[in-house]
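No lab work stands behind these numbers, since they all come straight from the coordinates. A quick note: this is a predicted structure, and the numbers were derived from the prediction, not measured. When we count neighbours, we look across all protein chains shown, and the Cβ atoms used for this are built from the backbone with ideal geometry, even at glycine.
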Amino acid sequence: MTNVIVVGGGPAGLSAALFTAKNGLETTVFDTDGTWMHKAHLFNYPGIGSVDGSGFIETLREQVDDFGVERYDAKVTGVESTDDGFVVSADDETHEATYVVLATGANRDLAESLGCAFGDDDTVDVGVDMETSVENAYATGAMVRAEEWQAVIAAGDGSAAALNILSKEKGEHFHDFDVPADAERVFGSLVDDE
Ligand SMILES: Cc1cc2nc3c(=O)[nH]c(=O)nc-3n(C[C@H](O)[C@H](O)[C@H](O)COP(=O)(O)OP(=O)(O)OC[C@H]3O[C@@H](n4cnc5c(N)ncnc54)[C@H](O)[C@@H]3O)c2cc1C
């Protein structure tokens, strides 16, 4: 089965995981809980008035858990590409993946060891689809930017990577569009109306 391993559980990684799991891809997140969000308080996340960064991450964790994401508190020590995809090492075990999404904040060590190309500013080189120079390996969030370190941008990067993976899997451009009837189907009621 196609599966996605996400390394890093900040806004970028959890956003990628949300989109892939919600749309049927087996998704695993490894994270060491060092997200900068624990130091932040958001006033600038559109649609959210004011939220403590740790509270935001806790809600996002619950959201991905609800869609079946497997989350592990473990440091990834290596990512290698193989003929079939990737082998990810964590906690003295190896895990196979079809796609890898790197979302390790400002730490770019895994991208470097995987052989991803870097730009002149020492960030990981990606396009708008967040794919690196290594096919099916994506880099998202703070690791692809020298500045513009904002939660909403990181979350956007993660979702862009996930939509590109989903487009590859579906064989056509994929849009994650939901309508009110979907909310009723998933949650049993139109929660905004309550
Ligand atoms: C003091 C402060 C205040 C801020 N205030 C705001 C604000 O008001 N508004 C705003 O939009 N942004 C703010 N930010 C920035 C925001 O926190 C970042 O833009 C955002 O967290 C970046 O998300 P990310 O997912 O790229 O990385 P991160 O949130 O840093 O997440 C990376 C995750 O990857 C994990 N990780 C790293 N390496 C590994 C590995 N090898 N294996 C497993 N896991 C790994 C880390 O433990 C971490 O949990 C603030 C940042 C700071 C420091």
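Figures for the structure shown
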quantity	calculated
Most fluctuating residue given options K22, K168, K39, as computed from a GNM of the chain linking Cα atoms under 10 Å	K39
Sum of side-chain charges, G9 neighbourhood, beta-carbon under 13 Å (Lys, Arg +1; Asp, Glu -1)	-4
Three-way shape label, the range 102-172, alpha-carbon gyration tensor, a/c 1.5	oblate
Selection of chymotrypsin sites (Phe, Trp or Tyr not before Pro), the range 1-67, meeting DSSP coil and at most 10 other Cβ within 10 Å	F43
Residues whose placed amide H lies under 5 Å from that of V6, excluding near-sequence neighbours	T28, V29, F30, V101
The chain, helix-only ellipticity at 222 nm - DSSP H runs n ≥ 4, -39,500 (n - 2.57), divided by all residues, nearest 500	-9500 deg cm²/dmol
Antiparallel content of DSSP bridges confined to the range 18-137, in %, to 5	70 percent
